[in-house]
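Okay, so here's the structure we're looking at.
The values are calculated or read from the model by the stated rules, or taken from the named source; none is laboratory data. Everything quoted here is computed from the prediction, not taken from an experiment. Note that we place each Cβ from the backbone using ideal geometry, even for glycine, and neighbour counts take in every protein chain shown. When the accessible area is computed, the model is the full protein with side chains, heavy atoms only, and any ligands, DNA or RNA have been set aside. Shrake-Rupley method; radii C 1.70, N 1.55, O 1.52, S 1.80 Å.
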Amino acid sequence: MKTTKPVLVLATATALALTAAGCGSKGASQSSGSDSGPLTIGASLSLTGELAREGQLTKEGYQLCQSKVNAKGGVKVGDTKRKLSIKYQDDTSEPDTAAQLVDQFNDKGIKLMLASYGSTNTEAQAAVVERNGQVMVDSAGADDKIFQKGYQRTFAVLSPATEYSASIVDAMADADPAPKTVAFLSADDGFSKTVTKGGIAEAKKKGMKVVGEEYFPAGSTDVSSSLNKVKGKNPDAIIGSVHLEEGVAIVKQAHELHVVPSGGFGETVAPPTPDFAKTLGDQAENVLGSSQWTPTTQGHDTYFGTAKDYAADVKATFGHAPDYHDAEASAACLALTLAVEKAGSAKPDKVRDALSSLDTPSFFGHIKFNSKGQNVYKPMSVIQVQNGEAVTVWPQSAAETKMVWPGTGA
Amino acid sequence: MTAFAQATLYGLLQGGLLALIAVGFSLVWGVMNVINLAHGAFVILGAYVAWKLNAALGLDPFLGMLAAAAVLFVLGYVVQRYLVNLVVNAPIFITLLLTFGLSLLLVQGMNILFTANYRGIHTSYASESLAVGGVRVPLGRLLAFGVAVAVTLLLVAFVKRTRTGMSIMATGMDRGAARLMGIRAHHVYALTFGIAAALAGMAGSMIGTVGSFNPAAAGGYTLLSFVIAVLGGLGNMYGALVGGLVIGLVESWGGQYLPGTWVSALAFAVLVLVLIVRPSGLVGRAFYASRVEV
């Protein structure tokens, strides 16, 4: 056994990662703070690496926003209309790289930013944005932690992380019979943990007994131990704070291990993704999930129209059913556009002030920020997989159909 | 007690699958002293082959597994014969760089070809389970476990009883002497790499059947193979099987009785412990550390 080998593997990987991360350079100035020419916005995106799927959807959302805004002549800044020009860079799903790219954009004079995908990337970026005096609209970083640091320059259009499983708890509490006991399974990344804490607090508020709280490493495709642990406690409902792969694992392995809650399963962001039903087939039926946006979300705006119009646009442009990842990205871009128009300037400080007082309906629901920069004014929707499709079942005002309960048929 | 039995059974079944993932990696390392960082990418590529055949033709993944093995064998053979063989005598750093680059190429290629969406091969039976007492025996995992053990036994028989197998071992032990005996080392190397890739492809099909995958998962499987190969030890075909089963059991028991987030740390703690007590791995041969490369 040559003990140097693991060291070499690490050294190689590190060297390559460093080379990849450091190969950007200062280019010509493309100031987004200037008063003429196209309005340049910087966006670091996870186009490769583990978040490549969501990164691609986020890019679609930004692209659709750019084409919609430019189709109307561009962003109205004062008396002139300026075309929107979003510059993309790949951060390889690495928070460090995402943060470096923010710096690179700043070096080029680009002050207005759209965030990368996910809480970890966004959190890393927010610190740099604050330091550089840039302004960023966050499309997919929902972790409340990002907004507890007193940052003044990051605004999230999406509902906070605590709402993800709390909304599922609320939907279950409205069901008949409402579950009396509930177990929480969760990935151990910051976002998922915040989601779980929010769900537990809401469950207790609704008088449910929390009989299990199990964490597993994020990205696990084997969650059998956690399922085994809650099996003996016979919860009426199992709520997972998960990403797609862990969500698929919970349903598959619960089936294998015959873990059948009398009420049903809820799994935050996994079920709204079309891949969830595709991968699981029949087993996906009746699993609840929470979504930032659905095609029945209420509200409309001048650029995108209603949620239904938006869904049709995504289908026509990208050839797939609308995903909420598209919508939240478009909404972030929309918020930035509206703020620039409101400020009548692309100067970062003025845009920041305009964002903090923005209060507008949109295809994405109400966009308005609290003092921390979170959009707490928009409810989340709860969806259920019925006949292989994710349909909105809660809140009542946006429901497409009735929730099937108990979801497990028990 | 039921929970313990369930955890043990699940750990063993999972361990068998892990063993199948790592056995090819261990073979290549043991015979050629090449740490193939593209191994995980081979696993995922195998999963895609089985998935594509299932989606397009409705082929059962346990048959698709054979097609995946064939495709990966050819790919592995070609890669070794015309690429890795060029640098196989160079310092290990060069082969590491080469296979790392190959891995990037394959992963990004799959990203473009299949998108980064998560996939799973859906069958009517793989998620069903048999009840034995209070313990559930998942059918898909049981089959995958059976395949893993059968493949390992076949590999042992192949290496011990056939002329080709023995020439692989002989080349692994002393390349110079093997050449003097008339063994074509370049062909044997390519054959070894092809077999390893084929086994990775089979493992990938199993992963796709009992779980889900996407291109980004490749790195995780390479790391896992590394841990299992080191734990089991090189130079013994049973090394990966023993290593896989140990990791499977440790993760399952650890997950059952400790906070679930500790499992990865626990698996590495076991690795460190084993290396302190048995530096050549659980069933590895110390000989491989001191062999002469000619």
Take every Cα pair under 8 Å in the range A:285-410 that's 6+ residues apart, average their separations, divide by the length, and report that relative contact order as a whole percent. 31
Too long for a 27 Å Cα-Cα cut-off, among A:LYS205/A:LYS278; A:LYS72/A:LYS368; A:LYS205/A:LYS233; A:LYS193/B:LYS52; A:LYS149/A:LYS193, are A:LYS205/A:LYS278; A:LYS193/B:LYS52
From zero outward in steps of 20 Å, how is the percent of C-alpha pairs of chain A spread across the bins? 28, 54, 18, 0
Share of carbon and sulfur in the accessible heavy-atom surface of the range A:229-340 [1.4 Å probe, %]: 56
Which values of log₁₀ I(q)/I(0), to two decimal places, follow from the Debye formula for the range B:1-106 at q = 0.21, 0.22 Å⁻¹ with a uniform point scatterer at every Cα? -1.10, -1.16
Could you pull the Rg and Dmax for the range A:281-410, using just the Cα atoms, both in Å? 16.9, 59
Per residue solvent-accessible surface (Å²) - the protein assembly as shown, probe of 1.4 Å: 37
Could you give the angle, 0 to 90 degrees to the nearest 10, between helix A:244-257's Cα long axis and the longest principal axis of the Cα atoms of chain A? 10
Give me the Debye-computed log₁₀ of I(q)/I(0) at q = 0.09, 0.10, 0.20, 0.21 Å⁻¹ for the range B:83-215, equal point scatterers on Cα only, no solvent, two decimals. -0.43, -0.52, -1.18, -1.22
Output the 0 to 90 degree angle, nearest 10, between the alpha-carbon long axis of helix A:119-132 and the longest principal axis computed from the alpha carbons of chain A. 30
Using every alpha carbon pair in the range A:29-122, what percent of pairs falls into each 5 Å bin from 0 up to the bin containing the largest distance? 3, 15, 23, 21, 18, 12, 6, 2, 0
Fraction of the pair-distance distribution of the range A:179-335 above 22 Å, Cα-Cα pairs, percent: 46
What aspartates and glutamates does A:LYS206 reach when the alpha-carbon gap must be under 19 Å and sequence neighbours fewer than 8 apart in one chain are set aside? A:GLU163, A:ASP170, A:ASP174, A:ASP176, A:ASP236, A:GLU267
Measure nothing but the geometry: give the 0 to 90° angle between the long axis through the Cα atoms of A:307-318 and the longest principal axis through the Cα atoms of chain A, rounded to 10°. 80
Ordered by number, the residues of the range A:52-66 that have at least 30 Å² less accessible area in the complete protein assembly than on their own chain alone (1.4 Å probe) are A:ARG53
For the range B:62-167, the accessible surface attributable to carbon and sulfur atoms (probe 1.4 angstrom, ligands and nucleic acids excluded) amounts in percent to 74
Quick one: Debye curve from the alpha-carbon atoms of chain B only, equal weights, vacuum; give me log10 I(q)/I(0) at q = 0.10, 0.13, 0.14 Å⁻¹ to two decimals. -0.52, -0.88, -1.02
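Give me the percent relative contact order of chain B, please, defined on Cα pairs under 8 angstrom at least 6 residues apart.
37
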Top of B:LEU180, B:LEU72, B:LEU105 by mean-square fluctuation, Gaussian network on chain B, Cα under 10 Å: B:LEU180
Dimensionless Rg/Rh of the protein assembly as shown - Kirkwood Rh, Rg from C-alpha atoms: 1.00
Please identify, among A:GLU400, A:GLU94, A:GLU267, the residue showing maximal mean-square fluctuation in a Gaussian network model of chain A using a 10 angstrom Cα cutoff. A:GLU400
Sum of -39500 (n - 2.57) over DSSP H runs of 4+, divided by residues of chain B (222 nm, nearest 500): -24000 deg cm²/dmol
Ordered by number, the residues of the range A:244-269 that have at least 10 Å² less accessible area in the complete protein assembly than on their own chain alone (1.4 Å probe) are A:LEU244, A:GLU245, A:VAL248, A:LYS252, A:GLN253, A:HIS255, A:GLU256, A:LEU257, A:HIS258
Tell me the total accessible area that B and A bury against each other, 1.4 angstrom probe, in square angstrom rounded to 100. 3800
Aspartates and glutamates whose Cα lies under 15 Å from that of A:LYS83, excluding same-chain neighbours fewer than 8 positions away: A:ASP35, A:GLU341
Take the alpha carbon atoms of the range A:87-130, find their center, do the same for the range A:292-316, and report the distance between the two centers in whole angstrom. 27
Quick check on chain A: helices-only [θ] at 222 nm, where DSSP H runs of length 4 and up contribute -39,500 (n - 2.57) each and the sum goes over total residues. Nearest 500, please. -13000 deg cm²/dmol
Could you pull the Cα extents of the range B:140-294 along its three principal axes, largest to smallest, in whole Å? 56, 36, 28
Quick one: grab Rg to one decimal and Dmax as a whole number for the range A:150-227, Cα atoms only, in Å. 14.2, 45
Taking all protein chains in place and a 1.4 Å probe, what share, in percent, of the accessible surface of the range B:225-290 do carbon and sulfur account for? 76
Considering protein heavy atoms only and a 1.4 Å probe radius, which residues within the range B:248-263 exhibit an accessible-area decrease of no less than 20 Å² in the full assembly relative to the chain by itself? B:GLY255, B:GLN256, B:GLY260, B:THR261
Return the Cα extents of the range A:62-205 along principal axes one, two and three, sorted largest first, each rounded to a whole Å. 58, 34, 27
Convex hull of Cα atoms in the range B:138-214, direction-averaged projection (nm²): 5.9
How far apart, in nm, are two points set 7 Å out from the Cα along the Cα-to-Cβ line at B:ARG285 and at A:THR302? 7.9
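State, as an integer percentage, the relative contact order of chain A based on alpha-carbon contacts under 8 Å between residues 6 or more apart.
Reported relative contact order: 17 percent.
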Given a 10 angstrom Cα cut-off, can you work out which residue in B:PRO215, B:PRO91, B:PRO61 is the most mobile in a GNM of chain B? B:PRO91
